[in-house]
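To keep things clear, I will list the structure first and then write my remarks on it.
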Amino acid sequence: MIKTNDLRFRELLAIAIGGMVGGGIFTILGISVSMVGALAPFAIALGGGVAWFAAYSYVKLGLYYKDEGATYAFFKRTYPQSNLAASFIGWYTIFGYISTLALYAYTFSSYGISGFSFGDNELIRKLVAIGIIWIFALINIWSVKGMGRLEDIMVYAKLFILLIISLALIFFAKTDLSTFSSMLVKDFSTTPILNILIVSSVTFVAYEGFQLVINAVNEMENPDKNIPKAIFSAIILVALIYFIIALSAILAIPTDDLIKNKEYALAAGAKEIMGNLGGNLVVLGAILATSSAINGTLFGSSRQMARIADDGYLPSLISQRKNNIPKTAIITMAGVASLLIAIGGLRLILEFGSITFLLVSLLMAIANFKIRKQTKSSTTITVVSILGLLTGTVLILFYEYQSNPEQLVFIMILYGLLSLSAWGYARLHPNS
């Protein structure tokens, strides 16, 4: 972790990029190609556009409140008289982080065991995913200093390896640009625009993490300048990184292979065209990316979870700390994420996470609209953000309704339980 009380732009940019590039690209690639073919790089990059509009309200609220509590604090302070608002944003935000924690762990497992004979065994995949969550939970409980040093190494290493992977895939590309152009024309003429928009919405979870910059608002220089500069620059750079990786994968790996091996598409394809060295390089990149994301998510979100419990919107037991480490919150997050992995597959976790963060971002946009004069926000951009995030949420739900209605029912049950719990804690709050 950066050991300075005067974080500059380049450090903030690294925090934002490190928070976003957490293994999402490894997870979403195969699923995206299965839905939109050669258009996947563009649809994934378009997801960055959705993230930009989501970030707009975070930036404006962050500059106005300058509160390291970010999402939860912004909504609570915008609606200070509403316990229900505070409770709902608290529960949704925490479960959004829990779903991404499960997603990162599942991706870690899918790539980590992909080279073994039992790589397709769903039970083993889930056991490994649950195991890695608890390993990082123990690291976070054991030592903040140890966690920070480990995070530094993983963030920089994963970005370097992602660059090497992209260059290697381009070097071994079997599809020239002329053939790729023909594929684009064909897929564009046969793929419904709705599918492209759905992919952009589903991949939104791969951009989650930019708001981590705001958590460091008390430790940065010139936040009025550096918060927007770091967040918007990071979103553009991450969209470019995702676009290059997706494009190089499609140029180098047959589309059928990417679709067939959804959970570990890059590793399987790289091994096929570059041998064991290529496959192992991708596996190492995925493991580093997901490990860094698991570690960072547990660290940051467990502290936010403890703060919400301090305020009375989660069980008071979760607020307990030892040596300033929210051990109970870390254990709770690890336990619930493990349960989500046990009962759901990759697609359920991915879509639940995307829906949750779209909903949370929508609530941020609504809060920003309420105080847009104070935050000096553009009414037009804020309204477009609200409509875009609402559309993205509806598109994922529509896709689920069409393709897997049983899973949609399960997701709705999860949200029903979340909403009921949030309502219950709002009613029980001492100030109600």
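The values are calculated or read from the model by the stated rules, or taken from the named source; none is laboratory data. All figures in this text were calculated on a predicted structure; none of them were measured in a lab. We place every Cβ from the backbone using ideal geometry, glycine too, and count neighbours over all the protein chains shown.
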Item to complete: Using the structure shown, decide if S99 is at pLDDT 85 or above and either within 17 Å of S354 (Cβ to Cβ) or touching an Asp or Glu at 6+ places or on another chain (Cβ under 7 Å) (or both).
Response: yes
Worksheet item: Looking at the range 44-63, is at least one residue charged (D, E, K, R) and modelled with pLDDT under 90?
Response: no
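Going by the conditions given, is I343 closer than 27 Å to L127 by Cβ, at pLDDT 90 or above and aliphatic (A, V, I, L, M)?
On the way: closer than 27 Å to L127 by Cβ: yes; at pLDDT 90 or above: no; aliphatic (A, V, I, L, M): yes.
Here the answer is no, as I343 does not meet what is asked.
Inspect the range 156-168 for any residue being within 30 Å of L61 (Cα to Cα) and either at pLDDT below 80 or out of contact with any Cys (no Cβ under 7 Å at 6 or more places or on another chain) (or both) and give the result as yes or no. Show your work before the answer.
At the first step, the residues of the range 156-168 found to be within 30 Å of L61 (Cα to Cα) are 156, 159.
If we keep only those that are either at pLDDT below 80 or out of contact with any Cys (no Cβ under 7 Å at 6 or more places or on another chain) (or both) as well, we get 156, 159.
Yes - at least one qualifying residue is present in the range 156-168.
Examine the range 288-302 for a residue that is surrounded by fewer than 19 Cβ atoms within 10 Å (Cβ to Cβ) and not hydrophobic (A, V, I, L, M, F, W, C), and state whether such a residue exists. Spell out how you get there, then give the answer.
Going residue by residue through the range 288-302, those that are surrounded by fewer than 19 Cβ atoms within 10 Å (Cβ to Cβ) are 300.
Filter once more, keeping what is not hydrophobic (A, V, I, L, M, F, W, C): 300.
Yes - at least one qualifying residue is present in the range 288-302.
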Worksheet item: Residues F232, F243, F299: which one is over 18 Å from I15 (Cα atoms), of a type in the set (F, W, Y) and assigned to a helix (DSSP H, G or I)?
Response: F243
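Among what's in the range 16-25 and is modelled with pLDDT under 75 and assigned to a helix (DSSP H, G or I), pick the residue that is nearest to F299 (Cα to Cα).
G19
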Worksheet item: Has the range 218-227 got at least one residue that is farther than 14 Å from R8 by Cα and in contact (Cβ under 8 Å) with a residue 12 or more places away in the chain?
Response: no
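Quick check on my filter: what residues within the range 399-432 are over 21 Å from I94 (Cβ atoms), among the aromatic types (F, W, Y) and under 21 Å from the mean Cα position of the chain (by Cα)? Before you say what the answer is, go through the steps one by one.
Pass one, the range 399-432, residues over 21 Å from I94 (Cβ atoms): 399-409.
If we keep only those that are among the aromatic types (F, W, Y) too, we end up with 399, 401.
Once the filter is applied, which keeps residues that are over 21 Å from I94 (Cβ atoms), among the aromatic types (F, W, Y) and under 21 Å from the mean Cα position of the chain (by Cα), the range 399-432 yields only Y399.
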Worksheet entry | Within the range 271-297, tally of residues that are in contact with a Phe, Trp or Tyr (Cβ under 7 Å, 6 or more places away or on another chain) and either of a type in the set (K, R) or closer than 27 Å to W423 by Cβ (or both) | 1
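I want to confirm something. Restricting to the range 66-116 and keeping residues that are among the small types (G, A, S) and in a loop (DSSP other than H, G, I, E, B), which single residue is surrounded by the most Cβ atoms within 10 Å (Cβ to Cβ)? Even if it seems obvious, please write down each step before you answer.
Start the filter on the range 66-116 by keeping residues that are among the small types (G, A, S), which leaves 69-70, 73, 82, 85-87, 90, 96, 99, 102, 105, 109-110, 112, 114-115.
Those left that are additionally in a loop (DSSP other than H, G, I, E, B): 69, 82, 114-115.
Details: G69: 19, S82: 14, S114: 22, G115: 15.
Top of the filtered list is S114.
In this structure, is G30 touching a Leu at 6+ places or on another chain (Cβ under 6 Å) and either free of Cβ contacts under 8 Å to residues at least 60 places away in the same chain or part of a helix (DSSP H, G or I) (or both)? Don't jump to the end; show me each part of the working.
Values: touching a Leu at 6+ places or on another chain (Cβ under 6 Å): yes; either free of Cβ contacts under 8 Å to residues at least 60 places away in the same chain or part of a helix (DSSP H, G or I) (or both): yes.
It is true that G30 is touching a Leu at 6+ places or on another chain (Cβ under 6 Å) and either free of Cβ contacts under 8 Å to residues at least 60 places away in the same chain or part of a helix (DSSP H, G or I) (or both).
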Worksheet item: Out of all the residues in the range 272-286, is one or more outside any helix (DSSP H, G or I), surrounded by fewer than 23 Cβ atoms within 10 Å (Cβ to Cβ), touching a residue at least 60 places away in the same chain (Cβ under 8 Å) and of a type outside the set (S, T, Y)?
Response: no
Worksheet item: Only one of (1) within 21 Å of T393 (Cβ to Cβ); (2) free of Cβ contacts under 8 Å to residues at least 12 places away in the same chain is not met by G90, so which one is it?
Response: (2)
Discussion item. I'd like to check something: does the range 114-123 contain any residue that is at pLDDT below 80 and closer than 16 Å to I294 by Cβ?
Written reply: no
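Okay, residues lined up against (1) more than 22 Å from V33 (Cβ to Cβ); (2) out of contact with any helix residue (DSSP H, G or I) (no Cβ under 9 Å at 6 or more places or on another chain); (3) modelled with pLDDT under 90:
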residue: S189; (1), (2), (3): no, yes, yes
residue: A216; (1), (2), (3): yes, no, yes
residue: M220; (1), (2), (3): yes, no, yes
residue: K229; (1), (2), (3): yes, no, no
residue: I236; (1), (2), (3): yes, no, no
Item to complete: From (1) over 19 Å from R347 (Cβ atoms); (2) in contact (Cβ under 8 Å) with a residue 24 or more places away in the chain; (3) not basic (K, R), pick out the condition that doesn't hold for I193.
Response: (2)
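Listed here are the residues, each with its yes/no results for (1) hydroxyl-bearing (S, T, Y); (2) farther than 25 Å from L266 by Cβ; (3) touching a strand residue (DSSP E or B) at 6+ places or on another chain (Cβ under 7 Å); (4) assigned to a helix (DSSP H, G or I).
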position	(1), (2), (3), (4)
L162	no, no, no, yes
S181	yes, no, no, yes
V202	no, no, no, yes
I214	no, yes, no, yes
